[in-house]
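To keep things clear, I will list the structure first and then write my remarks on it.
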Amino acid sequence: MWKKWLSKMSTTKQDIYNNIDVSRLPQHIAIIMDGNGRWAQRRGLPRALGHRSGAETLREIVKTASELGIKVLTTYAFSTENWRRPADEVDLLMNLLSDYLDNEITELHNNNVQIRFIGHIDGLAVALQKKIEKAQTQTAHNTGLIFNLAVNYGGRAELTRAVKIISEKVKGRELNTEDIDESTIEAHLYTFDLPSPDLLIRPSGDFRISNFLLWQMAYTEFWFTDINWPDFKPAHFVQAIRDYQQRERRFGGIKNTKKR
Ligand code: IPE
Ligand code: IPE
Ligand code: MG
């Protein structure tokens with residue numbers, strides 16, 4: 001399928017793509033979709049237009065990830081801290097999410113994408129919750145890209161939730177304290193059945209993780225760019241993968257050296 005995508009690319013993009021080793025793609029890519037506000041501000045436009053344009057980027061990047069054969073893509077759409085924004089901006093973001101589902105679900109489904117949501121979904125408006133539920137059910141059996149949308153998500157909230165569930169199990173004698181290990185914590189995260197992200201992409205020039213996937217990113221490779229999310233193109237995504245493939249991951253071990 002990626003061949004079809006290749007044929008549609010310009011020579012430059014094709015050159016970049018040629019440098020990717022398709023047999024060593026990151027399994028899971030996480031993205032903090034940041035910089036919509038700055039993108040709009042620099043053009044003298046209202047922030048709303050930045051968010052609208054950001055939704056278009058999301059559409060393109062999901063398509064690219066799916067065509068490349070990436071297994072999991074997790075994108076950060078709304079954090080537990082984003083409620084601190086003015087009510088009209090929060091409303092706009094929620095409406096955009098709702099529109100995104102209305103407009104994209106058929107295409108996602110046709111492309112064999114399985115959409116999932118991570119975060120405190122119960123804290124969203126009931127109508128949106130229903131839409132989310134419907135989208136998840138509709139695509140639940142798809143076997144292509146697993147596309148996680150993090151909405152009302154916070155890494156600290158996710159860990160707090162895990163601690164609460166585990167405590168209840170200990171209280172109910174379903175679990176012994178001495179049996180709790182790292183796999184117990186992992187089994188109680190939203191991402192319990194997914195590999196940890198191999199690569200995190202954060203556009204827009206800030207160097208922080210803003211409460212995203214705190215546990216899961218223990219050994220993730222970070223890739224930052226000044227480009228704001230609405231200007232982020234498939235070529236940047238491919239560039240991040242290429243850079244990732246040139247890194248050496250040691251996971252606390254040491255560089256591969258010849259055995260003595
Ligand atoms: C990302 O863009 C969208 C959300 C956080 C929901 P921002 O709105 O954070 O854009 P900046 O950081 O103000 O440029
Ligand atoms: C992170 O961006 C959250 C999302 C992209 C959804 P923010 O714009 O909220 O992060 P900070 O406030 O700059 O750290
Ligand atoms: Mg921001």
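Model label sites at Gln245 and Glu182, defined 7 Å from Cα along the beta-carbon direction, differ in position by 2.8 nm. A Cβ-based charge dipole, computed about the Cα centre of the chain with Lys and Arg at +1 and Asp and Glu at -1, lands at about 760 debye. The accessible area of Arg116, taken with all protein chains in place and a 1.4 Å probe, comes to roughly 50 Å².
For region 154-194, with equal point scatterers placed on the C-alpha atoms only and solvent neglected, what are the log10 I(q)/I(0) values from the Debye formula at q = 0.18, 0.20, 0.34 1/Å, to two decimals? The Debye formula, applied to the Cα set alone, gives -0.47, -0.58, -1.19. Rolling a 1.4 Å probe across all protein chains gives Met33 an accessible area of roughly 30 Å².
What is the Cα centroid distance between region 107-151 and region 193-260, reported in whole angstrom? Their Cα centres are 24 Å away from one another. Subtracting the Cα-Cα distance of Asp206 and Thr160 from their residue separation scaled by 0.36 nm leaves 14.0 nm.
Rounded to whole Å, the principal axis extents of the Cα atoms in region 111-224 read 43, 35, 29, largest first.
Taking Cα pairs under 8 Å and at least six residues apart, what relative contact order does the chain come out at, in percent?
The value is 28 percent.
Summarising the strand pairing of the chain, around 0 percent of its internal DSSP beta bridges are antiparallel. The apolar share of the surface of region 154-194, taken as the fraction of accessible area on carbon and sulfur atoms (1.4 Å probe, ligands and nucleic acids excluded), comes to 49 percent.
Largest accessible area first, the residues Glu107, Glu182, Glu67 order themselves as Glu182, Glu107, Glu67 under a 1.4 Å probe with ligands, DNA and RNA left out.
Where does the chain land at 222 nm, in deg cm²/dmol rounded to the nearest 500, when only DSSP H runs of n ≥ 4 count, each adding -39500 (n - 2.57), divided by all residues?
Numbers: 9 runs with 116 residues, N = 260.
Rounded to the nearest 500, the figure is -14000 deg cm²/dmol.
The values are calculated or read from the model by the stated rules, or taken from the named source; none is laboratory data. Keep in mind that this is a model prediction, so the values were computed, not measured. Note: ideal-geometry Cβ built from the backbone for every residue, glycine included; neighbour counts use all protein chains shown. Side chains are part of the model used for accessible areas, which takes the heavy atoms of the whole protein and leaves out ligands, DNA and RNA. Shrake-Rupley method; radii C 1.70, N 1.55, O 1.52, S 1.80 Å.
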